Amino acid sequence: MNFEFQNPTKIIFGAGSLVQLGEVVSEYGKKAMIVIGGGSVKRTGVFDKAVESLKAEGVHYVECADVEPNPRITSVVRGAQIAKDEKCDVIIALGGGSTMDAAKVIGAAAFYDGNPWNMILHGQEAIYVPTKTLPVITVPTLAATGSEANCGAVITNDDTKIKSFIQNPLLFPKVAIVDPELTVSVPQDHTAYGVCDIITHVMEGYFNGVDGTPIQDRFAEGVIINAIEYGRKAVVDGNDLEARGLVQWASIVALNGWVQAGVHMLAPMHMIEHALSAHHDLTHGAGLAIIGPAWMRFAARHRPERFAQFAQRVFNLSPKGKDALTLGMEGIEAYEAFLREIGCPTKLTEVGIGDELFEQYAKDAALVVRDEEGRLLGRPPMTTKDIVEVLKSAL
Ligand SMILES: [Fe+2]
């Protein structure tokens, strides 16, 4: 496919790079708003180090704390008000995907007097497309969403239980300070969920993209193979800085647009997971570990050769004496076994979700990215009946 690719986010990568925060931020102003989550950055001392670096460069700061996992639009409204009241020049997102996503939308909402939910896609289109934003500096403390260096953000509406997204070049962070030392305190379970998120970002394009993308296929397989190898190490030993660094780099390249260039990525696994986590506040990566293998078994029947390629190249499974679908299914088994090995749930019942709301999730999943017939876009496109079938197989 023809494509355009541009990613303007400057990446400062390496252990200890947090000390550069003040210098980087001071290029954008002297008053910053620091967006954080529930306070783990304060318990680990990361917040104090960040503040120290800001102070050394004469940068003042205010806080926007308590941004939830699965960030709510109400937090965006609150953050934008702080940014306006305090006349902030620049926003620092210090945390995981939720703080970074919230910070990006807060930046745009600071220049918009309407309801920021108008910027989020719901029912195919957004009511308002932002034209201006505050500069955002991301400092990820978790390797997962890739939000640190892309222009997307996922937000949940508390009232309607819809979780949807915005993608706009305006939302590219100016700089991502990516310091693997900040991720060593991430507990095993969230490290594992992050690894699953990284792998799924790459899989969405790999399984749902167009044919004839051999270079992108190899990039994708390389990211998955490394995320498996070093993700496994990071889960076993959280202090393994090499593994932490490689997983963090994988999280960036998995969703900074490069692997997806020319692929025409669609993301049905994400859309189904978003519907679940909007209702149950499930950790995104854990939800993907459940939906991923279930969706793959459904999709493999429609595109067995692609799943056979995955099995062979990622898991070194032998094709001898097997048809493509059998080999593809073995690859999915191997992937699911890896997810279980690192401690991810792979069934809905493990996270306390039953079948009561399956029709609702299916309807919500197909709400945002759908074709003329109302099917969730992917390869293949999915009717709500298909989505329910996948959910049932994940029980
Ligand atoms: Fe994701």
Residues of the stretch 214-233 being touching a residue at least 60 places away in the same chain (Cβ under 8 Å) and surrounded by 19 or more Cβ atoms within 10 Å (Cβ to Cβ), which ones?
Asp217, Ile224, Ile228, Gly231
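Here's the yes/no breakdown for (1) under 26 Å from Ala243 (Cα atoms); (2) within 16 Å of the ligand (Cβ to nearest atom); (3) at pLDDT below 95; (4) not small (Gly, Ala, Ser):
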{"site": "Arg72", "(1), (2), (3), (4)": "no, no, no, yes"}
{"site": "Ser75", "(1), (2), (3), (4)": "no, no, no, no"}
{"site": "Ile82", "(1), (2), (3), (4)": "no, no, no, yes"}
{"site": "Asp89", "(1), (2), (3), (4)": "no, no, no, yes"}
{"site": "Leu94", "(1), (2), (3), (4)": "yes, no, no, yes"}
{"site": "Gly123", "(1), (2), (3), (4)": "no, no, yes, no"}
{"site": "Lys132", "(1), (2), (3), (4)": "no, no, no, yes"}
Checking Val62 against (1) in a loop (DSSP other than H, G, I, E, B); (2) at pLDDT 95 or above; (3) not small (Gly, Ala, Ser), only one condition comes out false. Which one?
(1)
Of the residues in the stretch 16-36, how many are touching a residue at least 60 places away in the same chain (Cβ under 8 Å) and loosely packed, with under 15 Cβ neighbours inside 10 Å?
1
Six or more apart or on different chains, Cβ atoms under 8 Å: show the pairs whose first residue is in the stretch 264-277 and closer than 9 Å to Leu288 by Cβ and whose second is within 12 Å of the ligand (Cβ to nearest atom) and among the charged types (D, E, K, R).
Met269/Glu204; His270/Glu204
First in the stretch 338-360 and closer than 23 Å to Ile225 by Cα, second anywhere and assigned to a loop (DSSP other than H, G, I, E, B), Cβ under 9 Å, 6 or more apart
Phe338/Cys344; Leu339/Pro345; Leu339/Thr346; Arg340/Thr346; Thr346/Ala394
Could you tell me whether any residue of the stretch 141-162 is farther than 20 Å from Val253 by Cβ, within 16 Å of the ligand (Cβ to nearest atom) and at pLDDT 95 or above?
yes
When the residues of the stretch 297-310 are filtered to those that are crowded, with 23+ Cβ neighbours inside 10 Å and in contact (Cβ under 8 Å) with a residue 60 or more places away in the chain, which remaining residue is nearest to Leu142 (Cα to Cα)?
Phe310
Checking Phe165 against (1) modelled with pLDDT of 95 or more; (2) within 14 Å of the ligand (Cβ to nearest atom): exactly one of these is not met. Which one?
(1)
Given the residues Thr156, Thr160, Thr213, which is the only one that is outside the structural domain of Thr133 (by TED's automatic domain parsing), among the hydroxyl-bearing types (Ser, Thr, Tyr) and in contact with a helix residue (DSSP H, G or I) (Cβ under 9 Å, 6 or more places away or on another chain)?
Thr213
Would you mention how many residues in the stretch 282-318 are of a type outside the set (Gly, Ala, Ser) and more than 16 Å from the ligand (Cβ to nearest atom)?
17
Just to confirm my filter: which helices (runs of 4 or more DSSP H) fall fully inside the stretch 288-377 and include at least 2 residues that are modelled with pLDDT under 95?
358-368
Given (1) modelled with pLDDT of 95 or more; (2) among the hydrophobic types (A, V, I, L, M, F, W, C); (3) within 14 Å of the ligand (Cβ to nearest atom), Phe219 misses just (3)
Within the stretch 136-173, count every residue that is outside any strand (DSSP E or B) and either crowded, with 18+ Cβ neighbours inside 10 Å or touching a Cys at 6+ places or on another chain (Cβ under 6 Å) (or both).
16
Inspect all residues belonging to the stretch 33-54 and state whether any of them is over 20 Å from the mean Cα position of the chain (by Cα), of a type in the set (Gly, Ala, Ser), assigned by TED's automatic domain parsing to the domain that holds Asp101 and assigned to a helix (DSSP H, G or I).
yes
Does any residue of the stretch 69-77 turn out to be polar (S, T, N, Q), assigned by TED's automatic domain parsing to the domain that holds Asn168, free of Cβ contacts under 8 Å to residues at least 12 places away in the same chain and surrounded by fewer than 23 Cβ atoms within 10 Å (Cβ to Cβ)?
no
Subset of the stretch 177-208 [within 16 Å of Met100 (Cβ to Cβ), among the acidic types (Asp, Glu) and within 14 Å of the ligand (Cβ to nearest atom)]
Asp197
Before we move on, is Ala149 without any contact (Cβ under 8 Å) to a residue 40 or more places away in the chain and under 25 Å from Pro8 (Cα atoms)?
no
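The values are calculated or read from the model by the stated rules, or taken from the named source; none is laboratory data. Please read all numbers here as calculations on a predicted model, not as lab measurements. No Cβ is skipped: glycine too gets one built from the backbone with ideal geometry, and neighbour counts run over all protein chains shown.
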